[in-house]
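Asker: Structure below; questions to follow.
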Amino acid sequence: EVSSRQWKNIPAEPIRNMAEGLLANRSLLASLAGPTIALTVDAQGGAVPVRMTCEDLTRILVNLVKNAAEAMSAVGRIHITLWESCGEPGNSPWLTLNVEDNGPGLPNKILESIFEPRHSNSNPVDENNAWTFRHRGLGLAITRSVVEAAGGLIHAANRDPVGACFQIELPVEIA
């Protein structure tokens, strides 16, 4: 006899400790980056709750690390840092999460529109004029929507002298 019991959706739990959530992703992100790209994670504080699920944190980190690894020609460094800021008295504390690489950086002309859907840094045709469908250009748009849903902001910039930096600012969830 087949049970008529329905599967219940388990509600997604918000992150209670952002630093722990970040460090829990370290092995996955390192394997995603590959053996020739050094990936380091540095959390200074950050053992605080945010309005984002562990799944969403993993999704945005995977997008950012995958993009950084693809931008580098198989050799390089990706450094992820997390730190807490308090800001002005009376303001809520927030977290800053940086994903930086030492790759070629981002062309200035795409910096403004990099988070728009279907924006991709890759050409849709390869050197033989054959269509390539590797990138749909949705990763950064999804990343931005996840960050904004958690009350945060995301910025992209070039590093000096080389590389790109994606910076995410998230408000700390006050109990």
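The values are calculated or read from the model by the stated rules, or taken from the named source; none is laboratory data. All figures in this text were calculated on a predicted structure; none of them were measured in a lab. Don't worry about glycine lacking a Cβ; one is built from the backbone with ideal geometry, like all the others, and counts go over all protein chains shown. Ligands, DNA and RNA are excluded from the accessible area calculation, which covers all protein heavy atoms including side chains. Shrake-Rupley method; radii C 1.70, N 1.55, O 1.52, S 1.80 Å.
Asker: Which members of segment 50-63 meet the condition of being under 18 Å from R16 (Cα atoms) and either open to solvent by 50 Å² or more (accessible area, probe 1.4 Å) or polar (S, T, N, Q) (or both)?
Answerer: R51, T53, C54, E55, T58, R59
Asker: From the list G103, G45, which residue is under 17 Å from N158 (Cα atoms), touching a helix residue (DSSP H, G or I) at 6+ places or on another chain (Cβ under 8 Å) and at pLDDT below 95?
Answerer: G103
Asker: Then there's this: Among the residues of segment 142-168, which ones are charged (D, E, K, R) and closer than 25 Å to R77 by Cβ?
Answerer: Scanning segment 142-168 gives R144, R159, D160.
Asker: Another one. Taking segment 106-145 on its own, how many of its residues are among the hydroxyl-bearing types (S, T, Y) and modelled with pLDDT of 60 or more?
Answerer: 3
Asker: A150 passes all but one of (1) at pLDDT 95 or above; (2) within 26 Å of I37 (Cα to Cα); (3) not β-branched (V, I, T); which number fails?
Answerer: A150 satisfies all of (1) at pLDDT 95 or above; (2) within 26 Å of I37 (Cα to Cα); (3) not β-branched (V, I, T) except (2).
Asker: Hey, could you check segment 49-94 for residues that are outside any strand (DSSP E or B) and among the acidic types (D, E) and say which is nearest to the chain's Cα centre (by Cα)?
Answerer: In this case the residue turns out to be D56.
Asker: Determine whether F166 is in a loop (DSSP other than H, G, I, E, B), at pLDDT 80 or above and open to solvent by less than 40 Å² (accessible area, probe 1.4 Å).
Answerer: no
Asker: For segment 17-48, enumerate the residues that are open to solvent by 50 Å² or more (accessible area, probe 1.4 Å), part of a loop (DSSP other than H, G, I, E, B) and touching a residue at least 12 places away in the same chain (Cβ under 8 Å).
Answerer: Matches in segment 17-48: T36, A47.
Asker: Working only within segment 68-100, note down all residues that are under 19 Å from P35 (Cβ atoms), open to solvent by 20 Å² or more (accessible area, probe 1.4 Å) and either among the hydroxyl-bearing types (S, T, Y) or touching a Ser or Thr at 6+ places or on another chain (Cβ under 9 Å) (or both).
Answerer: Across segment 68-100, the qualifying residues are E70, S73, A74, V75, R77, H79.
Asker: Separate question: Among all residue pairs at least 6 apart or on different chains, which show Cβ distances below 8 Å where the first residue, located in segment 68-83, is within 23 Å of E169 (Cα to Cα) and the second is of a type in the set (D, E) and surrounded by fewer than 17 Cβ atoms within 10 Å (Cβ to Cβ)?
Answerer: Cβ pairs passing all conditions: H79/D42; I80/D42; T81/D42; L82/D42.
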